[in-house]
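**Q** The following block contains the structure, expressed as structure tokens.
The values are calculated or read from the model by the stated rules, or taken from the named source; none is laboratory data. All values derive from a computational prediction rather than experimental measurement. Here the Cβ positions follow ideal geometry from the backbone for every residue, glycine too, while neighbour counts run over all protein chains shown. We work out accessible area using only protein heavy atoms, side chains counted, and drop any ligands, DNA or RNA first. Shrake-Rupley method; radii C 1.70, N 1.55, O 1.52, S 1.80 Å.
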Amino acid sequence: MLGNSTRGLLPLQKCLLYRSCVVPVATYGFRLWYFEGARNKALLKSLSAMQRRAALWITGAFRTSPSGSAKSIAGLIPIHLHLRKLAIRSSYRVSTLPSNHALRSLLSKDFSLNSSPHPQSLRLLTPAKKAKVKGPLIDVDSSLSHLSESFSPFAPESKPGSRLMDIFPDSIHFHPCNRSDKHKMYKHVSSLDSTFSSSSSDQNCISVVTDASVPLVGSLQAVSAAHLYRGRRQVSHAKQASGRASSTDAELYSIRIGIAKAISLQCDHIILITDCLPAAKLAVDPSIHSSQSHSIQVCRLLSDWLTAKPSRSIDFWDVPSKWHWKPHLKVHKDVTSTRIHAPPRVGATLDFLRRKITNDCQKSWESTFWKKKYRGSSFLLSKKNRKFLTPTYVKGGTWLPLVNESPSLCAHVSRAILNHAPIGAYHERFFPLEPKSCRCGHRLETRHHILCYCPLYPFCTQWVQCAFPQYEFLVEFLKKNPTTFAFTNHDTRSLPPQAPVPAEPNEGELYSFISSLFFSFETDLCV
């Protein structure tokens, strides 16, 4: 599919190559077809078959492996969920179009932005006709009703050469924190402490500490707050509800209210401290993005403030939230202890809606994974930190990052999880004439026998004690036994000098079988 030149790539590199090269090309035409409102199942079936071949290529699994389980290990979300996510997220982008765009003339009155209606516009349809019409324009019009913000594609502050960072590059400074290195993080926080202490002696300097809280409960709004310090005491504070917003949007709003409050207190230097430096960079970026109106307002305030006195400046400091820096911990407790209920029809920001549809597709994938018809009846369920592993496409997936050392290790782990490996149980099902017994003398070479009882392999006792072991145990087991679930000659593997009599696996297999039945029954009830 991608040529023989990719044969030496690692599994995670294969997965990233597939996503970056094959997926955009394969889905571009499908997205155009999707917006036309067609129902071409043959095209969807061919894309799904292409994705299956990619999953087998990435994991090294057998062709007889179930498609859903191979895609889950490879971290490839089902193609229909991926396309649904792309289609709905693209419908939200219509809100960023200018008022003179052609699509604006086709939408209803609430989203046309005073543009002249097209003869086929939704604005000219009666409610009865509009209820009968189905198509991409109806989907876009209904999607925009959930959006609470407006955008300015041609705002004067966003023109090249007129942007805040173009006019005042020497008055705005950012101080990032390297959170991956503890020593550098300690030096950064020490510099912040000294800067905050020295600013207390300057009456023309105001320190602004901002934070935001996004509750997990859907009936609550996000909260943004800012605490202002002059000298050694807190002189003011501001706290507002942010509606249904993402964490970055809420942080951006807290920066806006903090800067507005600081400028009103008459100062020449502002030190803004936040735990989300990307939001601080968005605050001085007036281009189109989620919560653009906050950025435009910040640019206007800072532009007037810096123009009045050229010696003025503002510094943005990044502080890690896990450091529990005292002023930031105070504002953090302030926002997390505040509960503001959301009205029934409160709108949401663009970033919040885009993340919501992404999370919905991820949850749909997880619920589909628990169906045996999708993942297969022999899929080896495992845990990590006492939680069952579920598929995801974030950060390389769930299973691939731990087996990205070599393609052979990934193939052996995938075959062990899928139970499609060159062992006796697989021969009994697909190749009845091949040998089915184990080299140690057991009548049938099964996955459970290899991992728990076979004396030819050192095994961990955790496999026998629990039906759903930790995933790390399987990886360590296959690292110590590189010939396990591989195409090797069994005769070359000699028995130990004094091979112990293998334990009877009936009791352990029965326990694992009963536990699997109970777990399958519980998951079917949950689904």
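**Q** For the subset of the range 249-273 comprising residues that are modelled with pLDDT of 95 or more and among the hydroxyl-bearing types (Ser, Thr, Tyr), which member is surrounded by the most Cβ atoms within 10 Å (Cβ to Cβ)?
**A** Top of the filtered list is 254.
**Q** Which residue, of 170, 193, is modelled with pLDDT of 90 or more, under 16 Å from residue 318 (Cα atoms) and acidic (Asp, Glu)?
**A** 193
**Q** Right, something else. Does the range 130-184 hold any residues that are in contact (Cβ under 8 Å) with a residue 60 or more places away in the chain, of a type in the set (A, V, I, L, M) and open to solvent by 50 Å² or more (accessible area, probe 1.4 Å), and which are they?
**A** 165, 167
**Q** Hey, another quick one. For the range 229-246: of the residues being at pLDDT below 90 and outside any strand (DSSP E or B), which is least open to solvent (accessible area, probe 1.4 Å)?
**A** Ranking the qualifying residues of the range 229-246, first place goes to 231.
**Q** If you scan the range 168-194, which residues turn out to be among the small types (Gly, Ala, Ser) and within 29 Å of the chain's Cα centre (by Cα)?
**A** Correct list: 180 only.
**Q** Can you list the helices (runs of 4 or more DSSP H) found entirely within the range 420-527 that contain at least 3 residues being modelled with pLDDT under 85 and over 29 Å from residue 402 (Cα atoms)?
**A** The qualifying helices (runs of 4 or more DSSP H) are 506-526.
**Q** If you don't mind, another one. Of the residues in the range 88-129, how many are open to solvent by 40 Å² or more (accessible area, probe 1.4 Å) and of a type in the set (Val, Ile, Thr)?
**A** Total satisfying the criteria: 2.
**Q** Can you work out which of the residues in the range 283-322 that are buried (at least 22 other Cβ atoms within 10 Å of the Cβ) and touching a Ser or Thr at 6+ places or on another chain (Cβ under 6 Å) is nearest to residue 256 (Cα to Cα)?
**A** 283
**Q** How do the pairs read when you match residues in the range 393-411 that are at positive phi with residues anywhere that are open to solvent by 50 Å² or more (accessible area, probe 1.4 Å) and not β-branched (Val, Ile, Thr), using Cβ under 9 Å and keeping only pairs 6 or more apart or on different chains?
**A** Taking only residues 6 or more apart or on different chains, the pairs are 395/401; 396/16.
**Q** So, one more: Please work out if residue 412 is closer than 16 Å to residue 484 by Cα, modelled with pLDDT of 90 or more and open to solvent by 20 Å² or more (accessible area, probe 1.4 Å).
**A** yes
**Q** Among the numbered conditions (1) surrounded by 21 or more Cβ atoms within 10 Å (Cβ to Cβ); (2) part of a loop (DSSP other than H, G, I, E, B); (3) among the hydroxyl-bearing types (Ser, Thr, Tyr), tell me where residue 207 comes up short.
**A** (2)
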